[in-house]
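A.B. asks: Below is one structure. I have some questions about it.
The values are calculated or read from the model by the stated rules, or taken from the named source; none is laboratory data. Computed from a predicted model, the values in this text were never measured in an experiment. Note that each Cβ is placed from the backbone with ideal geometry, even for glycine, and that neighbours are counted across all protein chains shown.
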């Protein structure tokens, strides 16, 4: 289990889960959303690559179109506080640099946060310490 901060940036509009706050008319100022950092203990799901492409390079673990899925659990003060669901599609595979297009959601007591990002291989385990 590890700690992972989740930065919720201020938005020019308010999230749907903030009661009574919607996209403002053009002549009004946007809702005054504030940034808040949420910190959780995270139990990461096992690494789950899905070999979706039958054309494989034997020298590479991944092929174009392969997928990675995850369902991690969030805890705060020992209590379950939410989860995430994400999926990534490999869009560049070796011999080129490995790159994935990822999207998912964080499900929290106050609502959900959707995200999209690119992902690249991280540092070798233990090398970031």
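A.B. asks: Which one of these does residue 29 not meet: (1) farther than 18 Å from residue 103 by Cα; (2) within 20 Å of the chain's Cα centre (by Cα); (3) modelled with pLDDT of 55 or more?
C.D. replies: Condition (2) is where residue 29 drops out.
A.B. asks: Residue 49 passes all but one of (1) in contact with a strand residue (DSSP E or B) (Cβ under 6 Å, 6 or more places away or on another chain); (2) under 23 Å from residue 118 (Cβ atoms); (3) modelled with pLDDT of 95 or more; which number fails?
C.D. replies: Every condition holds for residue 49 apart from (3).
A.B. asks: Can you tell me how many residues within the range 110-124 are loosely packed, with under 10 Cβ neighbours inside 10 Å, farther than 16 Å from residue 42 by Cβ and more than 10 Å from the chain's Cα centre (by Cα)?
C.D. replies: 3
A.B. asks: Need pairs with beta-carbon distance below 8 Å; first residue over 20 Å from residue 75 (Cα atoms) and within the range 38-52, second exposed (fewer than 12 other Cβ atoms within 10 Å of the Cβ); sequence gap 6+ or separate chains.
C.D. replies: none
A.B. asks: May I ask you to verify whether residue 93 is surrounded by 13 or more Cβ atoms within 10 Å (Cβ to Cβ) and in contact with a strand residue (DSSP E or B) (Cβ under 8 Å, 6 or more places away or on another chain)? Full working, then the answer.
C.D. replies: Values: surrounded by 13 or more Cβ atoms within 10 Å (Cβ to Cβ): yes; in contact with a strand residue (DSSP E or B) (Cβ under 8 Å, 6 or more places away or on another chain): no.
Taking the combined requirement at face value, the residue does not satisfy it.
A.B. asks: Need pairs with beta-carbon distance below 8 Å; first residue in contact (Cβ under 8 Å) with a residue 40 or more places away in the chain and at negative phi and within the range 69-96, second part of a loop (DSSP other than H, G, I, E, B) and loosely packed, with under 14 Cβ neighbours inside 10 Å; sequence gap 6+ or separate chains.
C.D. replies: Sorted first by the residue in the range 69-96, then by its partner, the pairs are 75/1; 81/109.
A.B. asks: When only residues in the range 32-46 that are exposed (fewer than 10 other Cβ atoms within 10 Å of the Cβ) and assigned to a loop (DSSP other than H, G, I, E, B) count, which is modelled with the highest pLDDT?
C.D. replies: 46
A.B. asks: I would also like to ask the following. Could you check the range 96-109 and list, in sequence order, the residues that are more than 16 Å from the chain's Cα centre (by Cα) and surrounded by 15 or more Cβ atoms within 10 Å (Cβ to Cβ)? Don't jump to the end; show me each part of the working.
C.D. replies: The initial filter retains those residues of the range 96-109 that are more than 16 Å from the chain's Cα centre (by Cα), namely 96-98, 109.
Across the range 96-109, the qualifying residue is only 98.
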